[in-house]
1. Here is a check on your reading of the model: is residue 134 part of a strand (DSSP E or B) and of a type in the set (Val, Ile, Thr)?
2. Taking the criterion of being modelled with pLDDT of 90 or more and among the basic types (Lys, Arg), would at least one residue in segment 25-46 satisfy it?
3. Select from segment 69-114 the residues that are in contact (Cβ under 8 Å) with a residue 60 or more places away in the chain, touching a Lys or Arg at 6+ places or on another chain (Cβ under 9 Å) and not β-branched (Val, Ile, Thr) and write down the one among them that is surrounded by the most Cβ atoms within 10 Å (Cβ to Cβ).
4. If you scan segment 47-66, which residues turn out to be β-branched (Val, Ile, Thr), modelled with pLDDT under 90 and either within 22 Å of residue 118 (Cα to Cα) or touching a His at 6+ places or on another chain (Cβ under 9 Å) (or both)?
5. Take residue 151 and tell me if it is touching a residue at least 12 places away in the same chain (Cβ under 8 Å), in a loop (DSSP other than H, G, I, E, B) and either of a type in the set (Phe, Trp, Tyr) or in contact with a Leu (Cβ under 7 Å, 6 or more places away or on another chain) (or both).
6. Can you tell me which residues in segment 84-123 are in a loop (DSSP other than H, G, I, E, B) and at pLDDT below 90?
Amino acid sequence: MILPKKSKYERIFYLNRVSNFRSIRKRLKKLIGMAIFRYPNETFDHIKEIVSLLNPKTIVTVGDFVTKSFLKEKIKVNVAIFDLFLENKQVEESYNLNFFKEVFKIKNPRGTITKNSYLTVKEALKKDSVAILVDGEEDLLALVAILESDENSLIAFGYLILVLNL
């Protein structure tokens, strides 16, 4: 029996091109939560109204566009997960990090949720005003935020898809 080499990262979840890849990918493409399709100036009026009505205990943003937009609109973000890349172009670091009391740096390869990334997101959800700077890809970490956040939390990701854990 030949054992595979140990990976540099302990993977909890990994999308690769094996037998069930297509079915997993298809399930992950289904919309989770509420997508907001509006003009940008209308979008945040709508989000501010949702935040005002529901008063979520925790607000989590996943991705540079969402994080930057929430901060620009002065919506308090408890946990922000981003990689400093917007549409495959590196963005300025300073716009995000100054807003947070604590910054965690993690590595999370594309198509993966590493154990360390999972635990870091889980720990960050217990704190306030935390940024998680990802070396790699942050997209799948939205699933961890959805799974591990408390009731009455709002998770925003992509081009403004909101998931409310009520």
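1. Working: part of a strand (DSSP E or B): yes; of a type in the set (Val, Ile, Thr): yes.
Taking the combined requirement at face value, the residue satisfies it.
2. So in segment 25-46, the residues modelled with pLDDT of 90 or more come out as none.
No, the conditions are met nowhere in segment 25-46.
3. Among those residues, the one meeting the criterion is 70.
4. Matches in segment 47-66: 66 only.
5. On the way: touching a residue at least 12 places away in the same chain (Cβ under 8 Å): yes; in a loop (DSSP other than H, G, I, E, B): yes; either of a type in the set (Phe, Trp, Tyr) or in contact with a Leu (Cβ under 7 Å, 6 or more places away or on another chain) (or both): yes.
It is true that residue 151 is touching a residue at least 12 places away in the same chain (Cβ under 8 Å), in a loop (DSSP other than H, G, I, E, B) and either of a type in the set (Phe, Trp, Tyr) or in contact with a Leu (Cβ under 7 Å, 6 or more places away or on another chain) (or both).
6. Taking segment 84-123 as the starting set, the residues that turn out to be in a loop (DSSP other than H, G, I, E, B) are 84, 87-88, 91-93, 98-101, 109-111.
Listed by number, the residues that qualify are 84, 87, 88, 91, 92, 93, 98, 99, 110, 111.
The values are calculated or read from the model by the stated rules, or taken from the named source; none is laboratory data. Note that the structure is a prediction, hence the values are computed from the model and not measured. Neighbour counts are summed over all protein chains in view; Cβ atoms, including those assigned to glycine, are modelled from backbone coordinates with ideal geometry.
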